[in-house]
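Please read the structure below before turning to the comments.
The values are calculated or read from the model by the stated rules, or taken from the named source; none is laboratory data. Every value quoted in this text rests on a predicted model; they were computed, and no experiment measured them. Note that each Cβ is placed from the backbone with ideal geometry, even for glycine, and that neighbours are counted across all protein chains shown. Calculation scope for accessible area: heavy atoms of the full protein, side chains included, ligands and nucleic acids excluded. Shrake-Rupley method; radii C 1.70, N 1.55, O 1.52, S 1.80 Å.
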Protein chains: 4
Amino acid sequence: MSDAGNTTSGPLPRACSFAIRILVRFGDCDPAGIVFYPRLLEMFNNLVEDWCSEGLNFSFDDIVIKRGWGLPTVHLEADFLAPCRLGETLTAKLFVRDVGTSSIKADIALCGPDGRDRVRGNIVLVLMDRQSGRAMALPGALRKSISSFVVSG
Amino acid sequence: MSDAGNTTSGPLPRACSFAIRILVRFGDCDPAGIVFYPRLLEMFNNLVEDWCSEGLNFSFDDIVIKRGWGLPTVHLEADFLAPCRLGETLTAKLFVRDVGTSSIKADIALCGPDGRDRVRGNIVLVLMDRQSGRAMALPGALRKSISSFVVSG
Amino acid sequence: MSDAGNTTSGPLPRACSFAIRILVRFGDCDPAGIVFYPRLLEMFNNLVEDWCSEGLNFSFDDIVIKRGWGLPTVHLEADFLAPCRLGETLTAKLFVRDVGTSSIKADIALCGPDGRDRVRGNIVLVLMDRQSGRAMALPGALRKSISSFVVSG
Amino acid sequence: MSDAGNTTSGPLPRACSFAIRILVRFGDCDPAGIVFYPRLLEMFNNLVEDWCSEGLNFSFDDIVIKRGWGLPTVHLEADFLAPCRLGETLTAKLFVRDVGTSSIKADIALCGPDGRDRVRGNIVLVLMDRQSGRAMALPGALRKSISSFVVSG
């Protein structure tokens, strides 16, 4: 069976906190034949989602559904350096840069099959209590776990 | 590295032409916490896309970009039997039922981790020449290849 | 100011329960330059959403967020008769056909600027109690309101 | 008939180059009940698309399909200040800031029904020749037209 899931399949790219491979699908592409850019940002979110689930053992289902928290992206920057095309397999790399009281800063790169960056960006995530709508401090164990993923720039 | 790509990872489910595993992601889900149904149909399309690419060696990139053809879904039926939830890994199964001059009929099932069907549907695909906007006969070798995937109902 | 919202702007097409106009956007279209079909089903859902909100005064926000209910599509059929292209304004028409204890049956048509059907389909919606995961009877006033939209086939 | 299209319906917000209203739909929202952020970026793109079509009379269909050009977003920044909720009507405002040889710089704001900014961002667009994959100079008349939309910061 073909697997569109999340099997560990090799060593991390150097200096990167976490990485996944993403196939560029028909539904990701626009009439220009390249990935529609909001879909590239959805790939950013998928990368964070997989890191939370597999790296931190703290899935979006735990965060949002079970605990009533949220981990929204509050800031985003992205440079779209070269188009991503239908059928290409991209490597999405997460570089965790800093952990604050309730926030996480990270860089993201989407690389083409040739190893060159197609998209480079950075994000800030904040842990929220959805009931109050306010930022909340990262629990100690989680903060420690996140810290273990920090790589220097 | 975590792999959101398409690695062959085991035997086919019985009586099924082709299957992939699909992780239900945050971006697939609606405010009711279950998969937004147009995303379930996008999963149908992803299944067909992977079958074309991996099963038939005739990718959507070949079909649409390189040859200027299309393989649109012209008919669709679906029964949504039970909700699919965030974080679940679904098995999407394709059952090719019939090959016509230019059309392919297939059943599709999306199964939950418990092995029970969540969605059951059927589709009709037609090979089109996009220049003329008309159906075109499936090339002989392709037709033969598709026929090898037909399973009885 | 340009309005991508929902202003009443004219009489209903004949024999139709409710209708909206939908602009085919860049993000709706695939590398073949036509609407990616899961997006056509999202248009089906948008039509139902607007009918609930404007026709029934019973918005998805009321149903899902405030009351904890759901109104999922449990059955869907669609025939994709002709492609919908970037920049076209479609007319999406809802024809409510039947109201049961907890279900609503309706036909849907998406028409092109030339007035010809591009997509014809039908759906079954069911009112659910999300806590129990079971169908629930449509409240009397709502059932009466829905009945007033029924048109014969 | 309800209109999800693009009818001019009032004066521009002050100091803004172009604006549209956008209804937050069920399919835009995630299990946390707020807009999934890649959908907010799709709203950015829809705003640019409507400005090109209605403001510049130079639609994405003209640019991408008829001429074989592209107008990709090459840089993006966004601050997500407050969540956008199901059923809200947002005002998306475009502030064109600068026109270069082949590029356009603009700020974007998505405002809630209370008039306060929910998202603030900026983008850089570049006119591309898709055949060569290179930036191309904005045609003189188009450059002049764009310049008429520039507002100071």
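A few remarks follow.
- Any hit, region A:101-113, residues being over 28 Å from A:GLY68 (Cα atoms) and of a type in the set (Asp, Glu): no
- Any hit, region C:59-75, residues being part of a loop (DSSP other than H, G, I, E, B) and surrounded by fewer than 15 Cβ atoms within 10 Å (Cβ to Cβ): yes
- Hey, D:ARG85 open to solvent by 30 Å² or more (accessible area, probe 1.4 Å), charged (D, E, K, R) and more than 16 Å from D:MET43 (Cα to Cα) or not: no
- One residue from A:LEU138, A:LEU125, A:LEU110 being touching a Lys or Arg at 6+ places or on another chain (Cβ under 7 Å) and not in a helix (DSSP H, G or I): A:LEU110
- You will find that of C:ARG143, C:ARG118, the residue that is modelled with pLDDT of 95 or more and not in a helix (DSSP H, G or I) is C:ARG118 and no other.
- Test for B:THR101: is it under 27 Å from B:ALA141 (Cβ atoms) and at pLDDT 95 or above: yes
- Only one of the numbered conditions (1) in a loop (DSSP other than H, G, I, E, B); (2) more than 9 Å from chain B (Cβ to nearest Cβ) is violated by A:ASP79, and that is (1).
- Hey, D:GLU49 assigned to a helix (DSSP H, G or I), within 11 Å of chain C (Cβ to nearest Cβ) and open to solvent by less than 20 Å² (accessible area, probe 1.4 Å) or not: yes
For (1) out of contact with any strand residue (DSSP E or B) (no Cβ under 6 Å at 6 or more places or on another chain); (2) farther than 30 Å from C:ALA32 by Cβ, each residue gets a yes or a no:
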| site | (1), (2) |
| --- | --- |
| C:LEU76 | no, no |
| C:THR101 | yes, yes |
| C:ALA109 | no, no |
| C:VAL126 | no, yes |
| C:GLN131 | yes, yes |
| C:ARG134 | yes, yes |
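- Among the residues examined, D:ALA92 does not qualify as away from chain C (no Cβ under 13 Å) and either open to solvent by less than 30 Å² (accessible area, probe 1.4 Å) or under 21 Å from D:GLY112 (Cβ atoms) (or both).
- Selected residue (only one of C:THR91, C:THR73 is among the polar types (S, T, N, Q) and out of contact with any helix residue (DSSP H, G or I) (no Cβ under 8 Å at 6 or more places or on another chain)): C:THR91
- For region B:29-77, residues that are among the hydrophobic types (A, V, I, L, M, F, W, C) and more than 15 Å from the chain's Cα centre (by Cα) total 9.
- Residue count, region B:33-60 (criterion: in contact (Cβ under 8 Å) with a residue 24 or more places away in the chain and within 30 Å of C:ILE63 (Cβ to Cβ)): 10
- Restricting attention to region C:127-140, the residues that are open to solvent by 50 Å² or more (accessible area, probe 1.4 Å), among the charged types (D, E, K, R) and modelled with pLDDT of 95 or more total 1.
- Residue-level check: of (1) at the interface with another protein chain (Cβ under 9 Å from one of its Cβ atoms); (2) modelled with pLDDT under 95, C:ARG14 misses just (1).
- Check on A:THR91, part of a loop (DSSP other than H, G, I, E, B), in contact (Cβ under 8 Å) with a residue 24 or more places away in the chain and among the hydroxyl-bearing types (Ser, Thr, Tyr): no
- Residue that is most open to solvent (accessible area, probe 1.4 Å), among those in region B:95-126 that are touching a helix residue (DSSP H, G or I) at 6+ places or on another chain (Cβ under 8 Å) and without any contact (Cβ under 8 Å) to a residue 60 or more places away in the chain: B:VAL99
- Evaluating A:GLY33 against the criteria (1) at pLDDT 95 or above; (2) within 29 Å of D:ASN122 (Cβ to Cβ); (3) surrounded by fewer than 23 Cβ atoms within 10 Å (Cβ to Cβ) leaves one unmet condition, (1).
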